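Undergrad: Before I ask anything, let me first share the structure, which is written out below as C-alpha cells.
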Amino acid sequence: MIEVLSPAGNIAALKSAVANRADAVYLGLENFNARLKADNFSTHNIKEWVDFCHLYNVKVYVTINTLIKQSELQLLDTLLLACESAKVDAIIVTDLAVVAKAKKLCPSVALHASTQMGIHNYLGAKFLEEIGFSRVVLARECTIADIKEIKKYTNLEIEYFVHGAMCVAFSGQCLLSSIASGNSGNRGLCLQLCRKEYKESLTGSKCYAISAKDQCLIENIKQLVEAGVTSLKIEGRLKSAEYVGLITSKYRKAVDGLEITTNDISEMKRVFNRGGYSKGYSFSKKNDLLYTKVQNHMGQFIGEIEEACKFKDNFKLELKTKFALKNGDGIKIFRDDSEVGGFEVSIIEKNNNGYKLFSRNAFCRGDKVHITLDSTLTEKFSNDVMPKILLEIDCKISQKNVIVNAMYKKQNITYTENVNFELAKNLATDSMEIEKQFSKTGNTPFEFEIKSVQMQENLFVPKSVINNIRRNFVQFLESEIIEINRQNWQNELLANKAKPEKCTSDFLQKYDVISPENSDIVICEKLDLDSKNCESIMKIAVNYNNFDKSIINYAKNHNNIFIKLPKIAMSADLKIILKKLEELPKNVGIYADNFYAYYLAVISKRAVIGGMGLNLFNRDSIKFLGLKSFVVSSELSKSEIEEIGLPSAVFAFGYLPVMNFCHCPVQHFTGCSCDNCKYKEYSLSDKYGDFKVKRSKIANCYFEMLNNSCHFIEKNELNGNFACIDVCNFENPDEIVSNYYNNSCFILNNNVKLTKGQFLRGVK
C-alpha cells in the first residue's frame, strides 16, 4: 500500500488532511520539532488527536526531529512518555539520544529516521536498520538509482518528499541561519536565509541565487513506487489548512489511479508555489532547481493588464483574462519578472475580455497578473466537516438485552447491553421505530445503514432507552475501531518485515567500534609530511580527494592518519569510495561526517573519528555510537560543551562549511555542462561579505559554501578540550598548524575576518 503522508501544523490542518483522505499525518509537539513556529500540538492534547486520527484509519507520526542539548534530555523523557501513552504510530527522529531513550520509554512506537539525518545511500540506511529503525525519510537529493539501491539492501520502509518547499542545502547540513543569527535550522528555528538576495560572482547579478523552487512529483509517482518508495510525503507544517487539504486531495487522487489534469496542477499552483514547480533531483534538468527572480508565493498566471487609468482617487485596471475571478480573490502583479504589488480583487464590471478592477495603486499596461488566493478553493478546503464512517448495523432486541452488531473491515464488532423491557400493555414498539432512532447519528463520526432489526414480540421499548443505547454503542464502536486499526497496522509492519527488533543496546556489542582517545585534530588537504608537525599532531584527517600515494606511503608507518570521507556520497560515488578504501592500509582510519561513513568504518574495522557532520549535541548520542574521538557540533557554546562531560574536540580554526549543495550553481547561471565547465572561483555575497563556494568531485560534483568569517578559538579558551583546526583553505597550512600549537599570533591577511562562531553564545 502506498501512503499519502500529510503535514499537520495545527488542528485545522490535521482535520483537513484527514477529511481529504490522507493515510497518515505528521505533527510536532511543543518541543524538539523542526517547525517550532507552527501552532503544533502538546503533550496534553496529543492523545485526543491521535485517537481522532486512528478512528478515521489515519496514522500519526510525531516529529522529534531536532538536535537536543544535554540539559534538555529530561524534557525529552516527558515527550516520549506522552507518545507511548497516546499510542502514536511512530516518532520521526534526528538525534540518536532519542533512539536510546525510545527503547525504554516508548517501546511500542516505531522509529522513523528524519531527512535531517542525511541518509542518502545504502550504508547509512543499513546502519539505521541495525539500530532499530523501521523507516527512513531519505534526503531530498536521492535519485531513483539511490532509492533502488537502498531498497535492495534493506527492509526499511522508504519515505520520500514529493511536494512542497525544497531545502537548497543538503539535508541536516545547513548552518547558515545558525551562524548568522543563532536561530538554528537544526533546532527548528531556521530563518530561511537561503531565500534572501545574494550577488553571485559568475554574472555579477543580484538575485535569489540559492532559493529553490517548490517540488511537485505528482506525475512521477509510478517511478517512485517502482523504485521502492512506500510513503509520499507532503511538506508544509507552516502551511494553511486549505493548502494541506487541496494538496492531499490531489495526491490521493493520483495514488488511487485517477488522471491528474492540467486543472489539478493549476489549483495546486494557486494554493502555493515558488516560481513554478521543480521535479527535484530525480526528474529535473540539473539547472531547474532554483528560481532566482522571486522567492515567495507566485500563484498562477491568469492574464495581463491592458489598460490602467486614474479612477477618482484610485485606479481602474482592465484585466484581460479567461479566469473566473471573484471578489475576495487575491492577485499579485509582476513586471519584468519582479513583483510590483498586489491586492484583494474588487470587481467594477465584467466584460467579454475579462474584468475592470479597482486598485489603490497604479500599475502599467502589460503587467502580468497572477492569482495567489482563490477564495473558492479556500472555502472548499478549509472546511473541517469530516466524512462519515458508513457502517451496516444489525440489532437484536429481547426483553433482557439489546445486541448490536457492526461490520468494520470484515471484523464483527458486537455490543451488548442488559435491559429490562416491559411487555407492551397497549401498542408494542415496532422495528421501524427502532431503526429510526438508531439512524439518528447526528454529529457523531458515523452513519448507520440498518440491515435488520430482530425484536421479541410485544415489547415496549422507550425511545429514551434506545437513544441512550445508541450513544453507548457509538462510544464502544469508536474505541473498537481505533483498536482494530492499530492492530492491522502492526500486522502490516510485521508482514512487510519493516519492523525490526529495537536492538539499540546491541549495536556496540555486535561491533567493535575502534575509536581512539580524543585529541587534537587537523583537517587538511596537504601537509608537509617531513614537518615535525606531522609527528606531534595526534590525528590528521586528509580530505578524500587529496589522499594521494605520498600520504598512503606515510600512513603505512604512522597510526594518526585518517581519510575524511565526503559528507555526500550517492550510489555512484560510493562505489568509487569503497574501491579506494580497499587500497588503503588498515591502519588508516575514517573521519566520519555522515552516518554512512561511520558505519563503513565500523564494519571495515577501521578507527573512526566522529566529525562535525554527525551533529553531536549530547553525551547520549556520543556514547550511543561508542565514540571516544569526536568533534562536537559547532552550534554548541563553551558551557554546553562542558555540560556533555566528555573530553571533546572543538572546531577552533578554519572556514566553517555553512551549506552543502548537490546542484551545480555554475550550470544554473552559465548554462554550461560538465564537459565545458566554466568553474574557477565562485562566491555568493551579501552586505557581510563573500561566501566562497568550493567544488569537489567523485562521480558527481558537490559544492560547499564556506562562512565568510574564519573561526578562531585560541587553545587556552578550550578549557581542557581539544582543538579541531581546518587548514584546507589556506596557502600555508603547515605554518598555521605550527603557530596554533605554539600559541603564536596568526599572521593572516588583513581582509580575513575572525569569529568565534557560537562558542560563546550557542544557538537557540
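Undergrad: Of the residues that make up the range 621-634, is at least one among the charged types (D, E, K, R), closer than 23 Å to Val98 by Cβ and touching a helix residue (DSSP H, G or I) at 6+ places or on another chain (Cβ under 6 Å)? Walk me through how you get there before you give the answer.
TA: Initial filter on the range 621-634 (among the charged types (D, E, K, R)): 623, 628.
With closer than 23 Å to Val98 by Cβ added as a condition, the list becomes 623, 628.
Keeping just the survivors that are touching a helix residue (DSSP H, G or I) at 6+ places or on another chain (Cβ under 6 Å) gives none.
No, there is no match, as no residue in the range 621-634 is among the charged types (D, E, K, R), closer than 23 Å to Val98 by Cβ and touching a helix residue (DSSP H, G or I) at 6+ places or on another chain (Cβ under 6 Å).
Undergrad: Also, I was wondering about something else. Would you say Glu226 is of a type in the set (Asp, Glu), assigned to a helix (DSSP H, G or I), buried (at least 22 other Cβ atoms within 10 Å of the Cβ) and over 18 Å from the mean Cα position of the chain (by Cα)?
TA: Working: of a type in the set (Asp, Glu): yes; assigned to a helix (DSSP H, G or I): yes; buried (at least 22 other Cβ atoms within 10 Å of the Cβ): no; over 18 Å from the mean Cα position of the chain (by Cα): yes.
In short, no.
Undergrad: With the condition kept exactly as written, say whether any residue in the range 258-278 is farther than 25 Å from Lys332 by Cα, out of contact with any His (no Cβ under 6 Å at 6 or more places or on another chain) and free of Cβ contacts under 8 Å to residues at least 40 places away in the same chain. Walk me through how you get there before you give the answer.
TA: Initially, the range 258-278 is screened for residues farther than 25 Å from Lys332 by Cα, giving 258-260.
If we keep only those that are out of contact with any His (no Cβ under 6 Å at 6 or more places or on another chain) as well, we get 258-260.
Cutting the leftovers down to free of Cβ contacts under 8 Å to residues at least 40 places away in the same chain gives us 258-259.
Yes, some residue in the range 258-278 is farther than 25 Å from Lys332 by Cα, out of contact with any His (no Cβ under 6 Å at 6 or more places or on another chain) and free of Cβ contacts under 8 Å to residues at least 40 places away in the same chain.
Undergrad: Here's a follow-up. Please find, among Asn707, Asn729, Asn700, the residue that is buried (at least 16 other Cβ atoms within 10 Å of the Cβ) and closer than 17 Å to Tyr655 by Cβ. Write out each step before concluding.
TA: On the way: Asn729 fails: buried (at least 16 other Cβ atoms within 10 Å of the Cβ); Asn700 fails: closer than 17 Å to Tyr655 by Cβ.
Asn707 is the lone residue from the list that is buried (at least 16 other Cβ atoms within 10 Å of the Cβ) and closer than 17 Å to Tyr655 by Cβ.
Undergrad: Looking only at the range 10-35, which residues are part of a loop (DSSP other than H, G, I, E, B) and out of contact with any helix residue (DSSP H, G or I) (no Cβ under 8 Å at 6 or more places or on another chain)? Break it down stepwise before answering.
TA: As a first pass, look at the range 10-35 and keep what is part of a loop (DSSP other than H, G, I, E, B): 10, 20-23, 29-35.
Correct list: Asp23, Glu30, Asn33, Arg35.
Undergrad: A further question follows. Out of all the residues in the range 399-419, which are touching a residue at least 60 places away in the same chain (Cβ under 8 Å) and either over 23 Å from Pro462 (Cβ atoms) or not β-branched (Val, Ile, Thr) (or both)?
TA: Of the residues in the range 399-419, the ones touching a residue at least 60 places away in the same chain (Cβ under 8 Å) are 399, 402, 404, 406, 408-409, 411, 413, 415.
Gln399, Ala406, Tyr408, Lys409, Gln411, Ile413, Tyr415, listed by residue number.
Undergrad: Continuing with this model, one more query. List the strands (runs of 3 or more DSSP E) that sit entirely inside the range 331-387 and contain at least 2 residues that are free of Cβ contacts under 8 Å to residues at least 60 places away in the same chain, surrounded by fewer than 19 Cβ atoms within 10 Å (Cβ to Cβ) and in contact with a strand residue (DSSP E or B) (Cβ under 6 Å, 6 or more places away or on another chain). Step through it out loud before you land on a result.
TA: Working: elements: 338-344, 347-350, 354-359, 368-373.
Strands (runs of 3 or more DSSP E) meeting the threshold: 338-344, 347-350, 354-359.
Undergrad: Can I ask one more? From the list Thr416, Thr429, Thr441, pick out the single residue that is touching a Pro at 6+ places or on another chain (Cβ under 9 Å) and farther than 30 Å from Gly303 by Cβ. Show your work before the answer.
TA: Details: Thr416 fails: touching a Pro at 6+ places or on another chain (Cβ under 9 Å); Thr441 fails: touching a Pro at 6+ places or on another chain (Cβ under 9 Å).
It is Thr429.
Undergrad: Does the range 79-91 include one or more residues that are free of Cβ contacts under 8 Å to residues at least 60 places away in the same chain and under 18 Å from the mean Cα position of the chain (by Cα)? Before you say what the answer is, go through the steps one by one.
TA: Initially, the range 79-91 is screened for residues free of Cβ contacts under 8 Å to residues at least 60 places away in the same chain, giving 79-86, 88, 90-91.
Those left that are additionally under 18 Å from the mean Cα position of the chain (by Cα): 90-91.
Scanning the range 79-91 turns up at least one residue that is free of Cβ contacts under 8 Å to residues at least 60 places away in the same chain and under 18 Å from the mean Cα position of the chain (by Cα).
Undergrad: Give the residue, chosen from Asn273, Asn220, that is assigned to a loop (DSSP other than H, G, I, E, B), among the polar types (S, T, N, Q) and buried (at least 16 other Cβ atoms within 10 Å of the Cβ).
TA: Values: Asn220 fails: assigned to a loop (DSSP other than H, G, I, E, B).
Only one candidate passes the filter, namely Asn273.
Undergrad: Limited to the range 389-434, what total is found for residues that are surrounded by fewer than 12 Cβ atoms within 10 Å (Cβ to Cβ), on the phi < 0 side of the Ramachandran plot and part of a loop (DSSP other than H, G, I, E, B)?
TA: Residues meeting the conditions: 5.
Undergrad: Continuing with this model, one more query. Would you confirm whether any residue within the range 469-477 is over 26 Å from Val50 (Cα atoms), assigned to a helix (DSSP H, G or I) and of a type in the set (Lys, Arg)?
TA: no
Read-outs throughout are calculated quantities, based only on the coordinates presented, and are distinct from any laboratory measurement. The model shown is predicted, which means the values in this text are computed figures rather than measured ones. So basically every Cβ, Gly included, is an ideal-geometry build from the backbone, and we count neighbours across all protein chains shown.
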